[in-house]
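Structure first, commentary second.
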Amino acid sequence: MSWFTSPDPVLPSGPHSATVALVGEAPGSKEVLTGKPFSGAAGGLLTKFLIHARLSRSKVWVGNVVPVQP
């Protein structure tokens, strides 16, 4: 099965023109449920890092190398 035919792909978020891109390995169970990358526990930590770096998540491209849970 490819990610094109998977029932639960987690597609990237953020602008394609972003100057910062954050890439994870593959979505976890929380990401599959929400359909958004980094929405689980790692997402909370990522949000804290972004705030500390004075970056808005809406201006950062966030995605995974593999868009489906293995």
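The values are calculated or read from the model by the stated rules, or taken from the named source; none is laboratory data. Treat the numbers as computed from the prediction; the structure is a model and nothing was measured. Cβ atoms come from the backbone with ideal geometry, glycine included; neighbour counts cover every protein chain shown. Keep in mind that these areas ignore ligands, DNA and RNA; they rest on the heavy atoms of the full protein, side chains included. Shrake-Rupley method; radii C 1.70, N 1.55, O 1.52, S 1.80 Å.
Residue count for segment 12-68, restricted to those that are in contact with a Pro (Cβ under 8 Å, 6 or more places away or on another chain) and open to solvent by 90 Å² or more (accessible area, probe 1.4 Å): 1. Answer yes or no: is there a residue in segment 23-40 that is at pLDDT 95 or above, in contact with a Gly (Cβ under 8 Å, 6 or more places away or on another chain) and farther than 10 Å from Pro67 by Cα. Yes, segment 23-40 contains at least one residue that is at pLDDT 95 or above, in contact with a Gly (Cβ under 8 Å, 6 or more places away or on another chain) and farther than 10 Å from Pro67 by Cα. For beta carbons closer than 8 Å, sequence separation of 6+ or different chains, a first residue in segment 48-64 that is within 20 Å of Glu25 (Cα to Cα) and touching a residue at least 40 places away in the same chain (Cβ under 8 Å) and a second that is of a type in the set (D, E, K, R) and open to solvent by less than 100 Å² (accessible area, probe 1.4 Å), the qualifying pairs are Asn64/Glu31.
Take the conditions (1) modelled with pLDDT under 95; (2) touching a helix residue (DSSP H, G or I) at 6+ places or on another chain (Cβ under 6 Å); (3) in a helix (DSSP H, G or I); (4) not polar (S, T, N, Q); Val10 misses just one of them, which is (3).
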